[in-house]
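Have a look at the structure below, then the notes.
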Amino acid sequence: MRRAVCPGSFDPITNGHLDIIGRAAKLYDVVHVAIMINPSKKGLFTVEERIELIREATADYGNIEVEAFHGLLVDFCKQREIPAIIRGLRAVSDFDYELQMAQMNIGLSGVETLFVPTNPTYSFLSSSLVKEVATWGGDVSHLLPPAVNAALVQRLAER
Ligand code: PNS
């Protein structure tokens, strides 16, 4: 069974994430989507909500496992015998940090990182930008899976 992981914060999942996950799903038997918990960051969505939104958005792919993990990504990989981390690269500006993480991760445990060029339609897209635009009433529905957009509109209205 060929396995890979798409790790991230996914607060919330965007169409850019979905594009990378969908492409990984065509290359691997099982793609694990790992919500890496960062205790110093308070998310707009709870981890359980993020899991549910990702499950719904990826349900049609048929080979996606979604879970949250508290700890190092390399430990997540080791425990599940995952040899490859998939990360999207939106622009050159992503590269420095991504290269650092990839080199750290291979040094820690031998797990490889494969970079996938983001679809240019989403090269400007990030969860934080989507949240900022939506906070001020901007329409981001074309950038998010429908259920995520609905959840975002509702969450911001509750505030
Ligand atoms: O969606 P993001 O915030 O760009 O994802 C970053 C993420 C979660 C992949 C990265 O911060 C991570 O791997 N965190 C888990 C803790 C860890 O392994 N840190 C060392 C990375 S070299």
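How about the range 71-159: which chymotrypsin sites (Phe, Trp or Tyr not before Pro) there are in a DSSP loop, with at most 10 other Cβ atoms within 10 Å of their Cβ? Intermediate values should be presented prior to the final figure.
Numbers: sites: F76, F95, Y97, F115, Y122, F124, W136; in loops: F124, W136.
The qualifying sites are W136.
In cubic angstrom, how much convex hull volume per residue do the alpha carbon atoms of the chain span? Each step should come with its number before you reach the end.
Numbers: hull volume 17.8 nm³, N = 159.
For the chain, the hull spanned by Cα atoms encloses 112 Å³ per residue.
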Open item on the list: Could you tell me how far the Cα centroid of the range 5-25 sits from the Cα centroid of the range 101-159, in Å?
Closed with: 8
Open item on the list: Can you tell me which lysines have their Cα less than 30 Å from the Cα of K41? Leave out same-chain residues fewer than eight positions away.
Closed with: K78, K131
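Normalising by the residue count of the range 3-158, find the relative contact order in percent from Cα pairs under 8 Å and 6+ residues apart.
Working: 229 pairs, mean separation 45.3, N = 156.
It rounds to 29 percent for the range 3-158.
What number comes out for the charge environment of V148, summing +1 per Lys or Arg and -1 per Asp or Glu over other residues with Cβ under 12 Å away? Display every interim value, and only then the final one.
Working: positive: R50, R55, K131, R155; negative: D11, E49, E52, E56.
Every neighbour counted, the sum reads 0.
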TODO: Count the net charge of all other residues whose Cβ sits under 13 Å from the Cβ of A57, scoring Lys and Arg as +1 and Asp and Glu as -1.
DONE: -3
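Read-outs throughout are calculated quantities, based only on the coordinates presented, and are distinct from any laboratory measurement. Since the structure is predicted, the reported quantities are computational estimates derived from the model, not experimental observations. Methodologically, a virtual Cβ is constructed for each residue, glycine included, from the backbone with ideal geometry; neighbour enumeration extends over all protein chains shown.
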